[in-house]
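The values are calculated or read from the model by the stated rules, or taken from the named source; none is laboratory data. Only a predicted model underlies this, so the values are computations on that prediction, with no experimental measurement involved. Virtual Cβ from ideal backbone geometry, glycine too; neighbours counted across all protein chains shown. Accessible surface areas use protein heavy atoms only, side chains included; no ligands, DNA or RNA. Shrake-Rupley method; radii C 1.70, N 1.55, O 1.52, S 1.80 Å.
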Amino acid sequence: MSLWLRHEKLVEMKVLRSSALFVAGLGGLGSTVSELLVRLGIGKLYIADNGLVDEPDLNRQILYSKGDIGKRKVDAAMERLSRLTSETSLQGIFTDINDERFSLPEDILGVVDCLDNWRTRFRLEALARERGIFLVHGGVKEMYGQVTTILPPETPSLKEILGEVKEEGTLQVFPPLVTAIASLQAWEATNAILGRPRLLGKLLILDLWAPSLEVVQLNRRKAEIDPSEL
Amino acid sequence: MKRVKVKFFADLRSLAKREFLELEIEGAITLRELLKRVSSEIGINLEEKLLENNRIKSGFMILINGRNAVYLDGVSTLIEEGEIALFPPAGGG
């Protein structure tokens, strides 16, 4: 019996099996994104974080359990992910993406932004843009969040879409919302790998309070923005 | 007369107590004027909520036909028709 018997007719497994992605951040979003991509059968996954597992993480960061408190997230995540299927080549990277020595691996098709602050997101975006690879952005707060795929010049940049963002520190986040946004990121990352991204130039907003799921059409600014302006 | 659809997301939807508001506009009005009209329709001071010193407050996204107003002409951006989206982007991960 195939490990992927129950979804192999829905996605081109051959393409997925030979693809590599980079997941930035192993918190609430990164935990679910990584687990889903491994279960889907992605060929290779780089996972990166610079933090340690803390007790308040356990409400939503599905890779970790009580015994992991105090461990590096990358180490605990590698332990858990390597036990799932043994079919994905995994590489854990304990790093700060803002560190100027950091660079993205050579063999990735794209990055998944599961970060929790804008400064690092914009740095990740700049690195992805230099490479010309896609970035699947996700963000969460309370009971809502957004997902979009960035691939300039085809799409606006994250900052062109979101405008003047604000760093907010520790937020309330509802665990089912976090895993829902992460699922949408894993869905979109798979779409992008398979060459059919659904959220290029579109901002998906999921609000579990309303409840509503809406897709807002984005447009590039009329004049090209100088990247240094952003 | 042309139509403008103003869509509210997240906290702004709870505040406005509706998903969207449709307005009829003659000619063109600025974003600031539009917010003033929307505020009086919904009974919430959106200018106070979204603007500060004649600028869009950080932490709020105002899309005018898919483009962020910050990179257009800010509160002076002229609007004739189409769709406006008001949303506070979520920053957590």
By the Cα gyration tensor axes a ≥ b ≥ c (a/c under 1.5 gives rounded; else a/b larger than b/c gives prolate, otherwise oblate), the shape of chain A is rounded
From DSSP H assignment alone, runs of 4+ in the protein assembly as shown each adding -39500 (n - 2.57), the sum over residues rounded to the nearest 500 puts [θ] at 222 nm at -8500 deg cm²/dmol
So, relative contact order of the stretch A:1-158 in percent, Cα under 8 Å, 6 or more apart, is 22 percent
For the stretch A:13-229, the percent of accessible surface on carbon and sulfur atoms (probe 1.4 angstrom, ligands and nucleic acids excluded) is 48 percent
Result for chain B: accessible area per residue, probe 1.4 angstrom, in square angstrom, of 46 Å²
Mean separation of Cα contacts under 8 Å (at least 6 apart) over the residue count of chain B, i.e. the relative contact order in percent, is 38 percent
Output row A,B: buried area (accessible, probe 1.4 Å, summed both chains) in Å², nearest hundred, equals 2700 Å²
One finds, for B:Asn45 and A:Asn59 with R0 = 41 angstrom and r their Cβ-Cβ distance, a FRET efficiency to the nearest 0.05 of 0.70
